[in-house]
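All remarks here apply to the structure that follows.
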Amino acid sequence: MIRTAGLTKRFGEVLAVDSIDLDVRPGDVYGFLGANGSGKTTSVRMILGLVLPTSGTVELLGQPMPRGGHRVLPRVGTLVEGAAAYGHLSARANLNLHDASGGPAGRSTRRRRIDDVLEQVGLAGTGRRPVKAFSLGMRQRLGLAAALMSQPELLVLDEPTNGLDPQGIREIRELLLRLNDNGATIFLSSHLLTEVEQMCTRVGVLDRGRLVVQDELANLQALTGRSVVHTSEPAAALAVLDGRVEKRDGERLVVRADDPAALNALLVGRGVPVHELVAERRTLEQVVLERSEPGPVG
Ligand code: ATP
């Protein structure tokens, strides 16, 4: 859906994007993660043909960008850095204008589609209220509504949850996952690890312009070979596990054991009460810290 090869952007002295090879596949919810200033927006703009690369190539839905943009961009819903909207008009009027420039849909079809997207993003109740009275989060939802108007097969969203409160973030997350269930591929940039961890299937991590990680989330969250045990009798557990406990924190023990079922059987067999036992996985945060260069991050 999106493929870049050696994609690079230099602004004078600043190497904003450094030879990245992105690979976004059909059906992905791809999280493009990076600290502020790491080059996400510049990458997204190059993918959409809004900024010319210094070197390297972009293929969007099989077409070279920016040359093939007129063929593929109608099939892509986009939200890039604070969607533009007319402040004196309502959400509905803005979407009407947006769509009028985008395609020849009949008026009633368009009205239904607008109702539908306003409902999807949670702006159905805003009526005639002008957009200038909207909060940042509501404007962000309106931008998303505009991106959804054409029922795109690919969504490219730059920080789609920017400005939203936790409830709003959850709503947008659920909406994006629903769209993905219905067949849309989603590429979103974010600086929030937990957001990406909670919804993405594939992850790319940008560190000062370089793509330092690109993999399935499930592969990145590999097992560590340790299990975490909660027991009300930690001393008894320590005695049974003799030397395999790497860390004790009250009733929580981190044990070197890659087979949680066997560990559970051992403890229960020796009369140690086990309240909870899980195989430990690496968090995305650990992966990012391991692969990123130490030093000040933007
Ligand atoms: P943020 O989340 O803060 O938007 P980002 O990861 O999207 O950050 P970019 O906006 O792509 O990062 O910026 C990457 C680097 O390129 C930064 O150092 C920025 O200052 C620089 N940069 C971006 N656009 C320009 C420009 N038009 N002219 C000069 N430098 C730029």
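The values are calculated or read from the model by the stated rules, or taken from the named source; none is laboratory data. Quick caveat, the model's predicted, so the values are computed rather than measured. No Cβ is skipped: glycine too gets one built from the backbone with ideal geometry, and neighbour counts run over all protein chains shown.
Looking at (1) within 16 Å of the ligand (Cβ to nearest atom); (2) surrounded by fewer than 17 Cβ atoms within 10 Å (Cβ to Cβ); (3) at pLDDT 95 or above, which one does GLY82 not meet, given that it meets all the others?
That leaves (3) as the condition not met.
Of everything in the range 8-49 that's within 25 Å of GLN198 (Cβ to Cβ) and basic (Lys, Arg), which residue is surrounded by the most Cβ atoms within 10 Å (Cβ to Cβ)? Can you show your working first?
Initially, the range 8-49 is screened for residues within 25 Å of GLN198 (Cβ to Cβ), giving 20, 22-41, 43-44, 47.
Subsequent filtering for residues that are basic (Lys, Arg) retains 25, 40.
Details: ARG25: 12, LYS40: 23.
Selected residue: LYS40.
If the Cβ limit is 9 Å and pairs must be 6+ apart or interchain, which residue in the range 147-163 that is under 13 Å from GLU195 (Cβ atoms) pairs with which residue that is acidic (Asp, Glu) and not in a helix (DSSP H, G or I)?
Taking only residues 6 or more apart or on different chains, the pairs are GLU159/GLU81; ASN162/GLU81.
With respect to GLU233, determine if the residue is surrounded by 15 or more Cβ atoms within 10 Å (Cβ to Cβ), in contact (Cβ under 8 Å) with a residue 40 or more places away in the chain and out of contact with any Lys or Arg (no Cβ under 8 Å at 6 or more places or on another chain). I'd like the intermediate steps shown before the answer.
Working: surrounded by 15 or more Cβ atoms within 10 Å (Cβ to Cβ): yes; in contact (Cβ under 8 Å) with a residue 40 or more places away in the chain: yes; out of contact with any Lys or Arg (no Cβ under 8 Å at 6 or more places or on another chain): yes.
Against the criterion (surrounded by 15 or more Cβ atoms within 10 Å (Cβ to Cβ), in contact (Cβ under 8 Å) with a residue 40 or more places away in the chain and out of contact with any Lys or Arg (no Cβ under 8 Å at 6 or more places or on another chain)), GLU233 qualifies.
Test each condition in (1) under 22 Å from the mean Cα position of the chain (by Cα); (2) among the charged types (D, E, K, R); (3) exposed (fewer than 14 other Cβ atoms within 10 Å of the Cβ) for ARG107 and report the one that comes out false.
Of the numbered conditions (1) under 22 Å from the mean Cα position of the chain (by Cα); (2) among the charged types (D, E, K, R); (3) exposed (fewer than 14 other Cβ atoms within 10 Å of the Cβ), the odd one out for ARG107 is (1).
Mind checking which residues of the range 24-63 are over 25 Å from ASN162 (Cα atoms) and hydrophobic (A, V, I, L, M, F, W, C)?
Selection gives LEU52, VAL58, LEU61.
May I ask you to list pairs of residues, at least six apart or on different chains, whose Cβ atoms are under 6 Å apart, with the first in the range 32-57 being under 18 Å from VAL203 (Cα atoms) and among the small types (Gly, Ala, Ser) and the second being assigned to a strand (DSSP E or B) and near the ligand (Cβ under 10 Å from one of its atoms)?
Between residues of the range 32-57 that are under 18 Å from VAL203 (Cα atoms) and among the small types (Gly, Ala, Ser) and residues that are assigned to a strand (DSSP E or B) and near the ligand (Cβ under 10 Å from one of its atoms), the close pairs are GLY34/LEU206; SER38/LEU206; GLY39/ALA16; GLY39/VAL17; GLY39/LEU206; SER43/VAL17.
Give the range 6-60 a look and list any residue that's part of a loop (DSSP other than H, G, I, E, B) and more than 10 Å from the ligand (Cβ to nearest atom), or say none. Step through it out loud before you land on a result.
The first filter runs over the range 6-60 and keeps only residues part of a loop (DSSP other than H, G, I, E, B), leaving 12-13, 21-22, 25-28, 35-39, 48-54.
Answer for the range 6-60, where residues must be part of a loop (DSSP other than H, G, I, E, B) and more than 10 Å from the ligand (Cβ to nearest atom): ASP21, LEU22, ARG25, PRO26, GLY27, ASP28, LEU48, GLY49, LEU50, LEU52, PRO53, THR54.
Taking SER189, is it within 16 Å of the ligand (Cβ to nearest atom), among the hydroxyl-bearing types (Ser, Thr, Tyr) and surrounded by 18 or more Cβ atoms within 10 Å (Cβ to Cβ)?
Details: within 16 Å of the ligand (Cβ to nearest atom): yes; among the hydroxyl-bearing types (Ser, Thr, Tyr): yes; surrounded by 18 or more Cβ atoms within 10 Å (Cβ to Cβ): yes.
Yes; evaluated as a whole, the condition is true for this residue.
Kindly provide the set of residues from the range 61-79 that are loosely packed, with under 15 Cβ neighbours inside 10 Å and in a strand (DSSP E or B), ordered by number.
Of everything in the range 61-79, just one residue is loosely packed, with under 15 Cβ neighbours inside 10 Å and in a strand (DSSP E or B), namely PRO64.
With respect to the numbered conditions (1) surrounded by fewer than 19 Cβ atoms within 10 Å (Cβ to Cβ); (2) more than 18 Å from the chain's Cα centre (by Cα), which one is the sole condition not fulfilled by LEU142?
(1)
So, in the range 137-156, exactly how many residues are touching a Ser or Thr at 6+ places or on another chain (Cβ under 7 Å) and within 16 Å of the ligand (Cβ to nearest atom)?
Number satisfying all stated conditions: 1.
Taking the range 116-131 on its own, how many of its residues are in contact with a His (Cβ under 9 Å, 6 or more places away or on another chain) and either closer than 25 Å to GLY31 by Cβ or modelled with pLDDT of 90 or more (or both)? Give the derivation first.
Our first condition is that a residue be in contact with a His (Cβ under 9 Å, 6 or more places away or on another chain); within the range 116-131, this holds for 130-131.
Filter once more, keeping what is either closer than 25 Å to GLY31 by Cβ or modelled with pLDDT of 90 or more (or both): 130.
The qualifying residues number 1.
State which residue pairs qualify: first residue basic (Lys, Arg) and inside the range 124-136, second residue part of a strand (DSSP E or B) in any location, beta carbons under 8 Å apart, and separation of 6 or more residues or different chains.
ARG128/SER90; ARG129/SER90
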